[in-house]
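J.: Got a structure here, written out as structure tokens. Questions coming.
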Amino acid sequence: MQPKAKFRKDYRPVDFTITDIYLDFQLDPQDTLVTSTLTVKRQNSDATQLRLDGHSFEFLSLKLNGEPFSKYQKDDESLTLDLSQFPAEQFQLEIQTRLNPSENTSLQGLYQSGDGLCTQCEAEGFRQITYMLDRPDVLAKYRTKLTACKSKYPYLLANGNRIAQGELEDGRHWVEWEDPFLKPCYLFAVVAGDFDLLQDKFTTMSGRVVDLEIYVDRGNLDRAGWAMESLKRSMKWDEERFGLEYDLDIYMIVAVDFFNMGAMENKGLNIFNSKFVLANPQTATDDDYMGVESVIAHEYFHNWTGNRITCRDWFQLSLKEGLTVFRDQEFTSDLWSRPAKRIEDVRMMRSVQFAEDASPMAHPIRPEKVIEMNNFYTVTVYEKGAEVIRMIHTLLGEEKFQKGMKLYVAEQDGKAATCEDFVSAMERASGVDLQQFRRWYSQSGTPELTIADEYDEKRQTYRLHVSQMTPPTADQVEKVNLHIPLRVALYGENGQKINLQHELLTVSDVLDVIHEHQTFEFHNVPQRPVPALLCDFSAPVRVDYNYSTEQLLTLVKFADNEFVRWDAAQTLYINELRANLSRFQQNQPMQFSEALIEALTLVLEKANTDPELTALTLTLPKETEFAESFKVIDPAGIAAVRDFMQRSIAESLKDRLLVVYNQNRLPEYRVVAEDMAKRALRNVCLSYLAFTDVGNTLVHKHYHQADNMTDTLASLAAATKAQLPCRDQLLADFEQKWHHDGLVMDKWFMLQATRPDENVLEIVQGLLEHRSFNFKNPNRVRSLIGAFASQNPRAFHAIDGSGYRFLVDMLIKLNDTNPQVAARLIEPLIKLSRYDAQRQTLMRRGLERLKGLDHLARDLFEKIEKALQ
Ligand code: B3K
Ligand code: ZN
């Protein structure tokens, strides 16, 4: 049977809802018994059928108001009760099911992670536990009783507050939990296991004391402190910036090793991939520290934007995800560096999200059609969704935006809402017209702004001619004009900023682009300015303006906005890559331009005053970032040119890089912004110096002097990328030291998977048998197989098709064990239209091999179908 699509337009309210749920779990890794007692309430007097979702368990029994009930029909996905003879307004259903968590490799529903048991219910995992109206607009009160062997599972956790507990004579114990807040079943969670526990307290703004608990595997307590600090900072920030306070008396976070994504915001009981909890200087890099903090914040912020106010249906996912990503981005920006955070997010948008728009999976932030919901937890829904919220913030300003948030919360608290409810609240609270702006929710694709300018010296006027166009996408051919906030700045030749005026009035630096063609005119412009366009990436669009190298150098040198300086350098890098790629493709010698060296010299001059931006600007875009400026991607060419650029920069700037490298050595490891910036700068210098004659000595020394993972990994990466003589020894040393620790080994697997070596595929294949590798663990799979396919384009797209064959082999295995992870990993293979004919044929062959599988999971089916169309 072919999986069926669901459409947003088909949303209907439920005929029956569920108001209360009592769940009784007799937990056992092989044999768990679940009794679910549902209070069902009729919403539609004409309804005769109640269809409950459920699969992947053994169905034991059904009772209606205490009596066995047999008027039902069962299929692979559901149980439909015939209530035509039963018109009652309200009744109770009791459903018994039996589960085997130890064999649940999908990591959805109830499953075993290490020695513990845990759940993952979003998006539709609850239905793998018991029959349920598994949809987010069914909000119920939950009571949960957990019973299990006490020595094996000393902690039994669920949502809400612990209300009772006791011991049984057979060595088992039980705990009962009650969640006073209404929630959809995707926020339900259970954890059973033996843990080390870190405890703390937080006093909310109204003076309530909340118990904070972080559960980690035994022995990992020294890695939980940063997560706890992050949680407290998040709670405080949400009170200060959004006026939102935590609502329960307890907040628990459990770290597990087997997890399909980053973390899950279950009410009062977050379950996390241990990657986003555990951190200490020996095991985590600076980036890991930042990752932990922002994911902790993100899940915490969901308590309001996601849990108290949830989504009416899954098409509205961006309502909670876009908004919560926006909130976590703001949190990081307020606490650390706003420009650095912006640059990180923009890099992601321009590479991964723009690529998704250009792929068979293109969809608006609010999709219209879904086969497998898990396939829509995408950069589009999340990151572009956050960009859409950010544009609303830009159009309204902080004050009115917060007024809108207050109204939204007041109107929707305790409910399941839609994106329209949010936009409407923003509009009504601010008085700003968002009519045309709403199209961002329904239109997919990356809009392109083509900009030309004109300076009239006599009249001292400057004009920007702006045209917008959104190219057709796989899901949507016809496009309409969007409301695009375009932030601009004008600079004089010597860097002075020119005031934006119309007649004699100062005008906003945010231009409202709403038509297909528009001209913006500025007055009293004393000289031909250099325009900075789309400052801070004020909208998720591409800009086409024909910058001269001189103009870009002016921006790199003088712009008062860090983002603008960084962005001008990006354009220089891209221009350099383009020019050399044509030479490379025509078998001509490559040449490195003086202008780029001049720009980077300017950048390095600011190393002492602004180490952070210097590090970010010196960082060469990744191959996948470069790739996005081409319609047809030449993976081998891009890799060769990038490699050439890296070596050229290293050679030309060696002395300066060495000075900066030596100036930025730190006496000790501290997780503070100032030191992190210096480490980043020093390590980016090292990454270049590795390609020079001092490389081997320097990298070797760096590795052995490192007292923290940031520096250790930087030297390992430098040795690997530059293929230094010390490489094998350092890799072996690292492996020896960390092979027992999967999380740390993920960094090593990733380096192996992205090696520039000719025989990297052979190495990766060999590592599938490595003692630290485990095919059932999604983190391992992502860091070895995922990194090879998505971060090593030269090898993955090898013209003999070996990379594709390998990925398909792996996907065939994952299709049976963990389809959700498989559907993530297939991404680079479905983007076939971006490659030459020969590669397309090979990629298509791989997809067809998958399509022919006997039990192709719907997750993969959806993507393969689209790719082959
Ligand atoms: N809401 C979860 C993601 C669930 C993914 C389900 N496939 C984590 C988050 O966005 O915070
Ligand atoms: Zn989220």
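J.: Does E478 satisfy the condition of being under 31 Å from the mean Cα position of the chain (by Cα) and among the charged types (D, E, K, R)?
T.: So E478 fits the description; yes.
J.: What number goes with the only condition from (1) assigned to a helix (DSSP H, G or I); (2) of a type in the set (F, W, Y); (3) within 16 Å of ligand 2 (Cβ to nearest atom) that F272 does not pass?
T.: (1) is the only condition that F272 fails.
J.: Then there is this: Looking only at region 238-259, filter to residues that are surrounded by fewer than 21 Cβ atoms within 10 Å (Cβ to Cβ) and touching a residue at least 60 places away in the same chain (Cβ under 8 Å); which one of those is farthest from the chain's Cα centre (by Cα)?
T.: D249
J.: If D288 meets every condition in (1) away from ligand 2 (no atom under 16 Å from the Cβ); (2) in contact with a helix residue (DSSP H, G or I) (Cβ under 7 Å, 6 or more places away or on another chain) apart from one, which number is that one?
T.: (2)
J.: Let me ask something else. Scan region 264-303 for residues that are surrounded by fewer than 24 Cβ atoms within 10 Å (Cβ to Cβ), within 15 Å of ligand 1 (Cβ to nearest atom) and more than 17 Å from the chain's Cα centre (by Cα) and jot them down.
T.: none
J.: Report whether or not A279 is within 21 Å of G109 (Cβ to Cβ), without any contact (Cβ under 8 Å) to a residue 60 or more places away in the chain and not acidic (D, E).
T.: On the way: within 21 Å of G109 (Cβ to Cβ): no; without any contact (Cβ under 8 Å) to a residue 60 or more places away in the chain: yes; not acidic (D, E): yes.
It is false that A279 is within 21 Å of G109 (Cβ to Cβ), without any contact (Cβ under 8 Å) to a residue 60 or more places away in the chain and not acidic (D, E).
J.: Same structure again: So, D345, is that one in contact (Cβ under 8 Å) with a residue 12 or more places away in the chain, of a type in the set (D, E, K, R) and more than 16 Å from ligand 2 (Cβ to nearest atom) or not? Lay out the reasoning, then the answer.
T.: Working: in contact (Cβ under 8 Å) with a residue 12 or more places away in the chain: yes; of a type in the set (D, E, K, R): yes; more than 16 Å from ligand 2 (Cβ to nearest atom): no.
When the stated conditions are applied, D345 does not pass them.
J.: Here is a further query. Which is more than 27 Å from L133 (Cα to Cα), assigned to a loop (DSSP other than H, G, I, E, B) and either of a type in the set (D, E, K, R) or within 14 Å of ligand 2 (Cβ to nearest atom) (or both), of E245, E240?
T.: E245
J.: I need a count of the residues in region 386-402 that are over 16 Å from L434 (Cα atoms) and either within 16 Å of ligand 1 (Cβ to nearest atom) or touching a strand residue (DSSP E or B) at 6+ places or on another chain (Cβ under 7 Å) (or both).
T.: 1
J.: Residue check, T310 against (1) more than 10 Å from ligand 1 (Cβ to nearest atom); (2) surrounded by 23 or more Cβ atoms within 10 Å (Cβ to Cβ); (3) hydroxyl-bearing (S, T, Y); (4) under 17 Å from the mean Cα position of the chain (by Cα), all met but one. Which one?
T.: It fails just one condition, (4).
J.: Please enumerate the residues belonging to region 632-673 that are in a loop (DSSP other than H, G, I, E, B), in contact with a Leu (Cβ under 9 Å, 6 or more places away or on another chain) and either within 25 Å of R583 (Cβ to Cβ) or among the hydroxyl-bearing types (S, T, Y) (or both).
T.: If the condition is that a residue be in a loop (DSSP other than H, G, I, E, B), in contact with a Leu (Cβ under 9 Å, 6 or more places away or on another chain) and either within 25 Å of R583 (Cβ to Cβ) or among the hydroxyl-bearing types (S, T, Y) (or both), then D634 is the only one that fits.
J.: State whether the residues of region 457-468 include one that is within 30 Å of K369 (Cα to Cα), within 29 Å of the chain's Cα centre (by Cα) and at pLDDT 95 or above.
T.: yes
J.: Filtering region 381-424 down to residues that are farther than 19 Å from V325 by Cβ and hydrophobic (A, V, I, L, M, F, W, C), which residue is surrounded by the fewest Cβ atoms within 10 Å (Cβ to Cβ)?
T.: Here the answer is A410.
J.: Read through the list (1) outside any helix (DSSP H, G or I); (2) within 16 Å of ligand 2 (Cβ to nearest atom); (3) touching a strand residue (DSSP E or B) at 6+ places or on another chain (Cβ under 8 Å), then give the number of the only condition that R366 fails.
T.: (3)
J.: Which of the residues belonging to region 430-464 are part of a strand (DSSP E or B) and either surrounded by 14 or more Cβ atoms within 10 Å (Cβ to Cβ) or in contact with a helix residue (DSSP H, G or I) (Cβ under 9 Å, 6 or more places away or on another chain) (or both)?
T.: E448, L449, T450, I451, D453, Y455, T461, Y462, R463, L464, listed by residue number.
The values are calculated or read from the model by the stated rules, or taken from the named source; none is laboratory data. This is a predicted model, so every value here is computed, not measured. So basically every Cβ, Gly included, is an ideal-geometry build from the backbone, and we count neighbours across all protein chains shown.
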